[in-house]
Amino acid sequence: MTAWVVEGVESHLDEFRLGPVDIALEPGRAVAVLGTSGSGKTTLLRTLAGFVRADGGRIVRDGTDITEWMPEERNLGYVPQGLGLFVHRTVERNVRFPLEVRGRTDAARRTNELLERFHLSSLRHRYPARLSGGELQRVAIARALAADPELIIWDEPWQALDVQARHELGQVLQELRETDRIPILVVTHDPGLAFSLADSFLILHGGQVRWRGDATALLDHPIDRFTARFVGFENVFDRAELEATASTPLAAWLLERSFGEGIAFARPMIARTPGALRVEWEGAVQSARPTPEGVAVTLKVGGLTVAVRLEVPWSGALPAAGQRLAFSVDPKSLHPLGLPMVRPGTESS
Amino acid sequence: MAEGTGVPNRGARASRRRFRSGPYWLALQLVLSGSLILLFVLPIVALFTYAPFSRIVAAAGNSAVRESIWFTFYASGLTVLAAVLLAVPLGYVLARHRFLGRSVVEAVVALPVAVPHLLVGLGLFLLFVPGTPLYTWSNALGFTVYDRIWGVVLVMVFVSAPYTVLASDLSFRAVDDRVLESARSLGASPANVFLLVSLPLALRGIVAGLLLTWARAVSEIGGILIIAYVVYPGGPYTGPTTSVISVYIYNLFSGGDLADAAAVSSFFLLVAFAIFLVVRLGERSGWLPWRRGELAP
């Protein structure tokens, strides 16, 4: 199995500058690249796949520098956004394509094997236009695997999939990582699936690496508002916002505990027994809606809007607007935003 | 399906179901589109009603008429071949490459569609006038232009190839870059990507362009009147002396033989209509390959 090292790779596209980016990809490991639109995620993948010229740094596959290699020589399974399936070819001929262009004599056997594995045998004569989202994803992954790639690169694998198909695709990728031991690099907007798949994360912002590390580190130290929201913190406050509402006791309390760019915390539970909690606040209900994890409530606390949740199980009526509720915030659950930036080329994990 | 997947939505067929529209709106659509269809159909009806049926049958049996139609299809077939060899690659270059002077090239390609075709004949006449180097060289190579099939093909290519260039350009442009990139990444060389992915995906549009090229070539008269009013055997044409069907009909008309002109026109219309019908039915049945994947299960 192959190990990949991306060392200080840079690309300059017109005004946009990507990198330098460093990534280590070992067999059986998966890296998720996160970032807002325009942060350079897709450019990074296309640079690794050989479609964008690397203006600096190098890409090394098992000790061989492949930075200047043509895309077709790199032997990676690159799945672009939208999958890039061939609409004029049947499922079978899509999967067979990489074997066909390599003139592999075992093309028929290998194609059958993959169609079996991804439950596509009964769909082999269908064209992509007649497949569901989940089926299309399975065709894309079977095709990417056909010629035994040494790395899977996937841009937004979970785009436009329903919950069930997302779950299945998550399992397929997990299997590739654990059983096939192929290293995986994914770009995604979906935190749940990123956390279920990736061992380490890379956050890009404006073409620069903002942060790099594993899941625990990411949850402990969300670097900025985007990251905090991405990993699921529902209450994220910028320093400026807290300063502007400092007359509210909760804002002042949070401000004291935040440094850098602001502070984040998960949705706190409503206290049932007043006074039993260490730090207690009160707010007026703005809205309330039932969710599988309990009733999600938005409270107005002075100048701040805070998301809280009623305890599970909840069987009573939804709280009315304007009703006052008490809640607590565990000081240990607070995560200051804005740790120092990772300097290019230094490992943080 | 997400935007830009290149895969048509599964529900597209269902969503194509007609909306209920108001009666006035429907009437307006019927009147406007009906008027145009009438404009297409009425002159044809006039032709068929003017020529007695027996005359049409006689035209079909006339060997000179058949020779002229056959020659027209032969020359227009060579024109389509030239369009495949020259116009499709130019369309590909325009779609896939950015280069200095591209707008000028695009304007030059569009020009033959806009200029009066007598002008094309005149231009070619001046180019190949006896005494010019082109006249000497082309004759030495057996490529005689005046009153030979090559002259007809030259005019036809000039006036009709732009349709294939434009259609190829648009069709290659419509192929999603990401599809081409995944093909490359899956191990295909640039030549393989072109042959196995770009070309099949653009084929439907290219074929539509070639059909227009063929139709435009068949209907050409202006340039041919100057370059090859009469066609003598020579080059790849070894049949009797003839002329393209448009010139043939024009001759009948200018000679005052209106009924014969209408009869030959009607017969030619039937042949051309049959050809278009066969192509359309072939497409719909999936027998012709360029719409596979859209229609098949």
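Each of B:Ala140 and A:Asp214 was given a label point 7 Å from its Cα along the Cα-to-Cβ line. The distance between the two points is 8.1 nm. Mind running the shape call on the stretch B:24-117? Use the C-alpha gyration tensor, a ≥ b ≥ c as the square roots of the eigenvalues: rounded below 1.5 for a/c, prolate if a/b tops b/c, oblate otherwise. Cα axes put the stretch B:24-117 in the oblate bin.
Each of A:His167 and B:Thr241 was given a label point 7 Å from its Cα along the Cα-to-Cβ line. The distance between the two points is 8.5 nm. Beta bridges from DSSP with both residues in the stretch A:4-225: antiparallel share about 55 percent, rounded to the nearest 5.
State, as an integer percentage, the relative contact order of chain B based on alpha-carbon contacts under 8 Å between residues 6 or more apart.
Values: 318 pairs, mean separation 81.9, N = 297.
Once divided by the residue count of chain B, the mean separation gives 28 percent.
Across all directions, the average flat footprint of the convex hull enclosing the Cα atoms of chain A is 21.1 nm². In a fully extended conformation the segment linking B:Val104 and B:Val271 would gain 56.2 nm over its present Cα-Cα distance, using 0.36 nm per residue.
For the protein assembly as shown, the convex hull spanned by the alpha carbon atoms encloses 250 Å³ per residue.
Of all beta bridges that DSSP places with both ends in the protein assembly as shown, some 75 percent have antiparallel geometry.
Among A:Pro149, A:Pro157, A:Pro222, the largest mean-square fluctuation in a Gaussian network model of chain A, built with springs joining Cα atoms closer than 10 Å, belongs to A:Pro149. One quarter of the convex hull surface built on the alpha carbon atoms of the stretch B:62-244 amounts to 12.2 nm², the projected area averaged over directions. Answer rounded, prolate or oblate for the stretch B:223-274, using the Cα gyration tensor with square roots of eigenvalues a ≥ b ≥ c: rounded when a/c is under 1.5, else prolate when a/b is larger than b/c, else oblate. Oblate is the answer for the stretch B:223-274, as a/c is 1.5 or above yet b/c matches or exceeds a/b. A simple count of charges around B:Val230, restricted to other residues whose Cβ falls under 13 Å of its Cβ and scoring Lys, Arg +1 and Asp, Glu -1, yields -1. For the stretch A:185-253 versus the stretch B:221-240, the spacing of their alpha-carbon centroids is 77 Å. Couplings 3J(HN,Hα) of the stretch B:171-188, computed from phi: 5, 5, 5, 6, 6, 4, 4, 5, 5, 5, 5, 5, 4, 4, 5, 7, x, 7 Hz, in residue order, whole Hz [Karplus 6.51 cos²θ - 1.76 cosθ + 1.60, θ = phi - 60°; x for Gly and Pro].
For A:Pro71, neighbours were defined as the other residues whose beta-carbon sits under 13 Å from its Cβ, and their charges (Lys and Arg +1, Asp and Glu -1) total 0. With helices as the sole contributors, chain A gives -7500 deg cm²/dmol at 222 nm; each DSSP H run of n ≥ 4 counts as -39500 (n - 2.57), and the sum is divided by every residue.
Every number in this text was worked out from the coordinates using simple rules, so none of it is lab data. None of the values given here were measured: they were computed from a predicted structure. All Cβ positions, even for glycine, are placed from backbone atoms using ideal geometry, and neighbour counts span all protein chains on display.
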